[in-house]
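Chemist: First, the structure itself, so that you have it in front of you.
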Amino acid sequence: MSKIKKIEKKAPEEVKEKIKSGEMSINQAYGYTKTYEYLEKEIKDEMPKEKTAEEKFIEEEFKKIEEQTAIQKNIHNAIYKILCTDISKKYLEVWYEGLDRHYLETIDSDMNRAIGQYEVIKEFIKEKRKIRRIK
């Protein structure tokens, strides 16, 4: 009787029809229903769960923090990498001799871009210091 109750509750309609038509026994239908129920549960467990608004908010905030941290690291590394490089005439000679033709053609524009970015950083820091002094 318990098998029949389980079949009535959990079995797909096709299985119930096959029992009525005699194509499937109660035992076969029960085995199929248990397997069907198990697979249905497995599929539900594997499906991604809907995130709550709070979880979505926290995830977005973490993404912002990660992006900000990456920006901070990039600028910090850009500034301090040049400080950690020995720029003597001897080293500049070695560097210059190793440049390929393409880089030699673009070196002026690259240097101007680097100086321009340095100026942006310098002006930004000046402004921030003025604001800090006023406060």
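Chemist: So if I check each of GLU37, GLU123, which one is over 30 Å from the mean Cα position of the chain (by Cα), of a type in the set (Asp, Glu) and closer than 30 Å to LYS5 by Cα?
Modeler: Of the residues listed, the single one that is over 30 Å from the mean Cα position of the chain (by Cα), of a type in the set (Asp, Glu) and closer than 30 Å to LYS5 by Cα is GLU37.
Chemist: Could you tell me whether any residue of the stretch 23-43 is open to solvent by 70 Å² or more (accessible area, probe 1.4 Å), among the small types (Gly, Ala, Ser) and part of a helix (DSSP H, G or I)?
Modeler: No, the conditions are met nowhere in the stretch 23-43.
Chemist: Given the criterion under 30 Å from ILE125 (Cβ atoms) and either acidic (Asp, Glu) or touching a residue at least 24 places away in the same chain (Cβ under 8 Å) (or both), identify the matching residue among ILE7, ILE79.
Modeler: That would be ILE79, the only listed residue that is under 30 Å from ILE125 (Cβ atoms) and either acidic (Asp, Glu) or touching a residue at least 24 places away in the same chain (Cβ under 8 Å) (or both).
Chemist: Do any helices (runs of 4 or more DSSP H) lying entirely in the stretch 47-135 carry at least 3 residues that are open to solvent by less than 100 Å² (accessible area, probe 1.4 Å), on the phi < 0 side of the Ramachandran plot and modelled with pLDDT of 90 or more, and which ones are they?
Modeler: Because the criterion is at least 3 residues that are open to solvent by less than 100 Å² (accessible area, probe 1.4 Å), on the phi < 0 side of the Ramachandran plot and modelled with pLDDT of 90 or more, the helices (runs of 4 or more DSSP H) in the stretch 47-135 that meet it are 53-83, 101-134.
Chemist: GLU14 - would you say it is open to solvent by 100 Å² or more (accessible area, probe 1.4 Å), among the acidic types (Asp, Glu) and under 30 Å from TYR118 (Cβ atoms)?
Modeler: no
Chemist: Please find, within the stretch 1-11, the residue that is nearest to the chain's Cα centre (by Cα) out of those that are open to solvent by 100 Å² or more (accessible area, probe 1.4 Å) and of a type in the set (D, E, K, R).
Modeler: Among those that are open to solvent by 100 Å² or more (accessible area, probe 1.4 Å) and of a type in the set (D, E, K, R), it is LYS9.
The values are calculated or read from the model by the stated rules, or taken from the named source; none is laboratory data. Predicted model, so just to flag it, every value in this text is computed and none were measured. Cβ sites come from the backbone with ideal geometry, for glycine too, and all protein chains shown count toward neighbours. SASA here: full protein model, heavy atoms, side chains in, ligands and nucleic acids out. Shrake-Rupley method; radii C 1.70, N 1.55, O 1.52, S 1.80 Å.
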